[in-house]
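The values are calculated or read from the model by the stated rules, or taken from the named source; none is laboratory data. Keep in mind that this is a model prediction, so the values were computed, not measured. Please note: Cβ atoms are built from the backbone with ideal geometry, for glycine as well, and neighbour counts cover all protein chains shown.
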Amino acid sequence: MEPRKHWEDVYETKAPDAVSWYRPHLETSFGLIERVCPGRKCAVIDVGGGEATLVDDLVNAGYQDVTVLDLSEKALHVARNRLGARAAAVTWTQGDITHSRLEPDRYDVWHDRAVFHFLTSAADRQRYVSQVGWSVRPGGHVIVATFGPHGPDKCSGLPVARYDAPALHNQFGARFQLVDSTTELHTTPFGTVQEFVYCMCRIEPA
């Protein structure tokens, strides 16, 4: 099945709080973003943000330049409706991150919780890394979370790649200086526990 149709079907048939990756708040993600951008004036992109509430928390905390990109228009629609009038403060972009047209040096912070691990081909991973290097300013930060070594090997019916922190960092290359990594044990709405590994890198000048 074509990827966009797969994800539109997922979001059409499941409630926002009935998908395995749902959390009421992405505390780890928000904490890392706040750590590198305490002043709230950074340009932040949430890749694969979908229906997640991270955008709500960023807007409520005063972040002034937030973009949410997702493959599913349905997921973006849910998030926009939830935010109501506050949605006007957010840039909403539907697209595949491996092929989207992004502005050069546009963002200070790139956040991705649970997109990169769906990229099971080396070519897609390279396109993703190229997008990051193109659109995040030198000195900016990249926060990526994937399933850890003990996480599931499939999600939403699709195979995933699992990483420990060194393996995830190695996917990005020498320009990406590892600043920190952490492991999160996420409890799904069904009561199971999934291991997520977060890496935060700083992009060095090319």
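Cβ-Cβ distances below 7 Å connect the following pairs, each with a first residue in segment 125-143 that is at positive phi, a second residue that is aliphatic (A, V, I, L, M), and a separation of six or more residues or different chains: G139/I203. Can you run down the residue pairs with Cβ atoms below 6 Å, 6 or more apart or on separate chains, where the first is in segment 165-184 and farther than 12 Å from V144 by Cα and the partner is part of a loop (DSSP other than H, G, I, E, B)? What qualifies is R175/E204; Q177/E204. Being touching a residue at least 24 places away in the same chain (Cβ under 8 Å), among the β-branched types (V, I, T) and in a strand (DSSP E or B) is the filter here, so list the residues in segment 185-206 that pass it. Scanning segment 185-206 gives V197, I203.
When the residues of segment 39-54 are filtered to those that are surrounded by fewer than 22 Cβ atoms within 10 Å (Cβ to Cβ) and farther than 13 Å from W92 by Cα, the one that is farthest from the chain's Cα centre (by Cα) is G39. Take the conditions within 16 Å of the chain's Cα centre (by Cα), at pLDDT 95 or above and closer than 17 Å to A114 by Cα and apply them to L76. Does it pass? Yes; evaluated as a whole, the condition is true for this residue. Within segment 46-88, the set of residues being free of Cβ contacts under 8 Å to residues at least 40 places away in the same chain, within 23 Å of E34 (Cβ to Cβ) and of a type in the set (S, T, N, Q) comprises T53, N60, Q64. Taken over segment 141-195, the criterion of being in contact with an Asp or Glu (Cβ under 7 Å, 6 or more places away or on another chain) and polar (S, T, N, Q) is satisfied by Q177, T183. For segment 13-28, the set of residues classified as outside any helix (DSSP H, G or I), touching a residue at least 24 places away in the same chain (Cβ under 8 Å) and out of contact with any Leu (no Cβ under 7 Å at 6 or more places or on another chain) consists of V19, S20, W21, Y22, R23, P24, H25, listed by residue number.
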